[in-house]
Amino acid sequence: MTDPSATDQHLVIRGLRVATVANPAHEILEGIDLTVGQGEVHAIMGPNGSGKTTLAYALMGHPAYLVKGGEVHWKGRDILKLSPDKRARLGLFLAFQYPTAVPGLSVASFIRSALNARLQGIDKNPDIDPTDSVKGGVSMRDFRNKMREKMALLRMDEGFAARYVNDGFSGGEKKRLEMLQMAVLEPEMAILDETDSGLDIDALRIVAEGVNAMLNPNLGVLLITHYQRLLNYITPDVVHVLAQGRIVKSGGKDLALRLEEEGYGPILREAGLSPDLPDEALLVPKGPELELEPVEAAH
């Protein structure tokens, strides 16, 4: 049954319950309800082990996760019934916390293949051949121009395109590539899975500046973050607290600031949960200091 609040502009999650394939009896997500619209930035914060990455992977169809119940609607479809590549063709994008290296495959070839697949659409129109510019594909010249434009936007050296995907990349370079993929593919709903995790100041700046450069009314962002500090530079419309498999509280930017000051303990108790850890263990990591001016969101 189609959710009545689902529209082409909203990712609507209702009653999502998820376990791992390795342990199907234990539900990590116990009923997630969430609506993210295009042009909106929603941040999800939560203690370690609360299910943040599980949510990101389940939305994109990672095979290690088993959906036990619920629906996820996007563009008139329940995407849980679609393969991961079809979800991507439908305009969903996932930036990984730990991107994989692919030796021997250049960044340019990788992104061009992904772009052509995206252009072909979810139903693979037989009249469109993404490898043929006459039949709806991107010509090599147009692709090079698009890559140059997006690399300039992200202040990247053009030589980056010839390197192998994440092979020998630093943490910051891996994040920069995630941002470049997002810029070229132009998704309509981006899920960023703790892209700030384990990064130094410079790498964290790459993520903040990259996301801000791409914010627009057609892009919705689900920002799963480890640090409140990142939200000083990517201004969220809504902040959600995910704990023990559920969203226990939602609010504005002030909620993230409260979390930074008090940690998760008080909010979990207000939600009727009894955390197993002392409040000191539920503090929000401060993260490295950033040295860039806050950027006004374009949405």
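Based on this model, can you work out whether residue 66 counts as surrounded by 19 or more Cβ atoms within 10 Å (Cβ to Cβ) and not charged (D, E, K, R)?
Details: surrounded by 19 or more Cβ atoms within 10 Å (Cβ to Cβ): no; not charged (D, E, K, R): yes.
Considered against the rule, which asks whether it is surrounded by 19 or more Cβ atoms within 10 Å (Cβ to Cβ) and not charged (D, E, K, R), residue 66 comes out as no.
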Could you grab me the full set of residues in region 166-201 that are closer than 20 Å to residue 150 by Cβ, among the acidic types (Asp, Glu) and not in a loop (DSSP other than H, G, I, E, B)? 173, 178
Of the conditions (1) part of a loop (DSSP other than H, G, I, E, B); (2) crowded, with 19+ Cβ neighbours inside 10 Å; (3) of a type outside the set (Phe, Trp, Tyr), residue 39 satisfies every one except a single condition; which number is it? (2)
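Yes or no: residue 200 open to solvent by 10 Å² or more (accessible area, probe 1.4 Å), over 22 Å from the mean Cα position of the chain (by Cα) and either at pLDDT 85 or above or of a type outside the set (A, V, I, L, M) (or both)? Break it down stepwise before answering.
Numbers: open to solvent by 10 Å² or more (accessible area, probe 1.4 Å): yes; over 22 Å from the mean Cα position of the chain (by Cα): no; either at pLDDT 85 or above or of a type outside the set (A, V, I, L, M) (or both): yes.
For residue 200, the condition - open to solvent by 10 Å² or more (accessible area, probe 1.4 Å), over 22 Å from the mean Cα position of the chain (by Cα) and either at pLDDT 85 or above or of a type outside the set (A, V, I, L, M) (or both) - is not met.
Could you run through region 223-261 and say how many residues are open to solvent by 20 Å² or more (accessible area, probe 1.4 Å) and touching a residue at least 12 places away in the same chain (Cβ under 8 Å)? Explain how you work it out, then say what you get.
Of all residues in region 223-261, those open to solvent by 20 Å² or more (accessible area, probe 1.4 Å) come to 226-227, 229, 232-233, 235, 237-238, 244, 246-254, 257-258, 260-261.
Still in the running and touching a residue at least 12 places away in the same chain (Cβ under 8 Å): 226-227, 229, 232-233, 235, 237-238, 244, 246-253, 257, 260.
Counting residues in region 223-261 that are open to solvent by 20 Å² or more (accessible area, probe 1.4 Å) and touching a residue at least 12 places away in the same chain (Cβ under 8 Å) gives 19.
Matching residues to (1) among the acidic types (Asp, Glu); (2) out of contact with any Pro (no Cβ under 9 Å at 6 or more places or on another chain); (3) part of a helix (DSSP H, G or I):
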| residue | (1), (2), (3) |
| --- | --- |
| 221 | no, no, no |
| 235 | no, no, no |
| 242 | no, no, no |
| 247 | no, yes, no |
| 250 | no, yes, no |
| 257 | no, yes, yes |
Scanning region 93-109 for residues that are of a type in the set (Ser, Thr, Tyr) and within 23 Å of residue 138 (Cβ to Cβ) gives 106, 109
List every residue pair whose Cβ atoms sit under 7 Å apart, with the two residues 6 or more apart in sequence or on different chains, where the first one lies in region 62-90 and is among the basic types (Lys, Arg) and the second, anywhere, is in a strand (DSSP E or B). 68/17; 68/18; 68/19; 68/27
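Which of the following residues is touching a residue at least 40 places away in the same chain (Cβ under 8 Å), open to solvent by 10 Å² or more (accessible area, probe 1.4 Å) and under 13 Å from the mean Cα position of the chain (by Cα): 20, 53? Can you show your working first?
Numbers: 20 fails: under 13 Å from the mean Cα position of the chain (by Cα).
Result: 53 is the single residue among 20, 53 that is touching a residue at least 40 places away in the same chain (Cβ under 8 Å), open to solvent by 10 Å² or more (accessible area, probe 1.4 Å) and under 13 Å from the mean Cα position of the chain (by Cα).
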Number of positions in region 179-197 that are open to solvent by less than 10 Å² (accessible area, probe 1.4 Å), closer than 28 Å to residue 49 by Cβ and in contact with a helix residue (DSSP H, G or I) (Cβ under 8 Å, 6 or more places away or on another chain): 8
Checked region 53-85 for anything of a type outside the set (Asp, Glu) and closer than 29 Å to residue 160 by Cβ; matches are 53, 56, 57, 59, 60, 61, 62, 84
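The values are calculated or read from the model by the stated rules, or taken from the named source; none is laboratory data. Fair warning: this is a prediction, and the values are worked out from it, not measured in the lab. Glycine also receives a Cβ, built like all others from the backbone with ideal geometry; neighbour counts cover every protein chain displayed. Accessible surface areas use protein heavy atoms only, side chains included; no ligands, DNA or RNA. Shrake-Rupley method; radii C 1.70, N 1.55, O 1.52, S 1.80 Å.
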